[in-house]
1. Quick check on this structure: which one of 142, 131 is closer than 30 Å to residue 92 by Cα and free of Cβ contacts under 8 Å to residues at least 60 places away in the same chain?
2. Have a look at 111, 135, 141 and point out the one that is under 22 Å from residue 8 (Cα atoms), in a loop (DSSP other than H, G, I, E, B) and over 13 Å from the mean Cα position of the chain (by Cα).
3. Taking residue 51, is it in contact with a strand residue (DSSP E or B) (Cβ under 6 Å, 6 or more places away or on another chain), within 23 Å of residue 115 (Cβ to Cβ) and either at pLDDT 65 or above or part of a helix (DSSP H, G or I) (or both)?
4. Can you find, within segment 9-48, the residue that is modelled with the lowest pLDDT among those that are surrounded by 12 or more Cβ atoms within 10 Å (Cβ to Cβ) and not in a helix (DSSP H, G or I)?
5. Looking at segment 54-77 only, could you name the residues that are in a strand (DSSP E or B) and closer than 14 Å to residue 21 by Cα?
6. Name every residue in segment 52-80 that is within 20 Å of residue 26 (Cβ to Cβ) and touching a residue at least 60 places away in the same chain (Cβ under 8 Å), in order of residue number.
7. Given the conditions (1) out of contact with any strand residue (DSSP E or B) (no Cβ under 9 Å at 6 or more places or on another chain); (2) part of a helix (DSSP H, G or I), and given that residue 124 satisfies all but one, which numbered condition is not satisfied?
8. Report, by residue number, each residue of segment 144-168 that is assigned to a loop (DSSP other than H, G, I, E, B) and exposed (fewer than 13 other Cβ atoms within 10 Å of the Cβ).
């Protein structure tokens with residue numbers, strides 16, 4: 001019998017299991033990424049936002065997405081998407097796409113105007129992500145500017161943001 005696959009919002013109780021999945025998928029090198037510098041600014045208790053989602057097969061977490069509320073140039077109304085993780089035995093089954101769609105819908109419903117991520121446009125473009133003009137928005141550390149992408153959840157949102165990303 002196949003396990004029942006469900007998606008749901010992540011809770012603080014899920015953090016250890018999500019962290020274990022990240023460790024298996026990404027290893028310790030994930031901590032040197034610039035996006036982690038932003039999340040470190042958020043402090044304890046901010047590990048899970050209302051936009052974080054996960055997939056469970058009833059027994060374990062098999063995929064998860066993190067989306068953190070951020071400020072850009074001190075201005076709120078933005079979110080940082082990622083990381084997205086899928087257990088190797090569940091890859092290429094659409095769970096990442098489902099989580100991205102659900103997280104973006106939750107953010108839009110909450111009034112988030114723009115979502116930023118560091119990723120590959122050929123993959124994330126299908127969700128509305130486009131390259132940010134170089135230097136317009138920056139992270140507190142090195143990032144390939146071609147991989148800094150934004151999806152406007154409200155029309156012309158990018159025109160209202162510039163500066164460095166920081167945790168809220």
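The values are calculated or read from the model by the stated rules, or taken from the named source; none is laboratory data. Since this is a predicted model, take the numbers as computed values, not measurements. For neighbour counting, all protein chains shown are included, and Cβ atoms are generated from backbone atoms with ideal geometry for every residue, glycine included.
1. Answer to the check: 131.
2. Numbers: 135 fails: under 22 Å from residue 8 (Cα atoms); 141 fails: under 22 Å from residue 8 (Cα atoms).
Sole residue among the options that is under 22 Å from residue 8 (Cα atoms), in a loop (DSSP other than H, G, I, E, B) and over 13 Å from the mean Cα position of the chain (by Cα): 111.
3. Values: in contact with a strand residue (DSSP E or B) (Cβ under 6 Å, 6 or more places away or on another chain): yes; within 23 Å of residue 115 (Cβ to Cβ): yes; either at pLDDT 65 or above or part of a helix (DSSP H, G or I) (or both): yes.
Against the criterion (in contact with a strand residue (DSSP E or B) (Cβ under 6 Å, 6 or more places away or on another chain), within 23 Å of residue 115 (Cβ to Cβ) and either at pLDDT 65 or above or part of a helix (DSSP H, G or I) (or both)), residue 51 qualifies.
4. Filtering segment 9-48 for residues that are surrounded by 12 or more Cβ atoms within 10 Å (Cβ to Cβ) and not in a helix (DSSP H, G or I), the one modelled with the lowest pLDDT comes out as 46.
5. 54, 55, 56, 61, 62, 63, 64, 65, 66
6. Result: 68, 80.
7. Here residue 124 clears every test but (1).
8. Looking only at segment 144-168, we keep the residues that are assigned to a loop (DSSP other than H, G, I, E, B), and these are 144, 153-156, 161-162, 168.
Result: 144, 155, 156.
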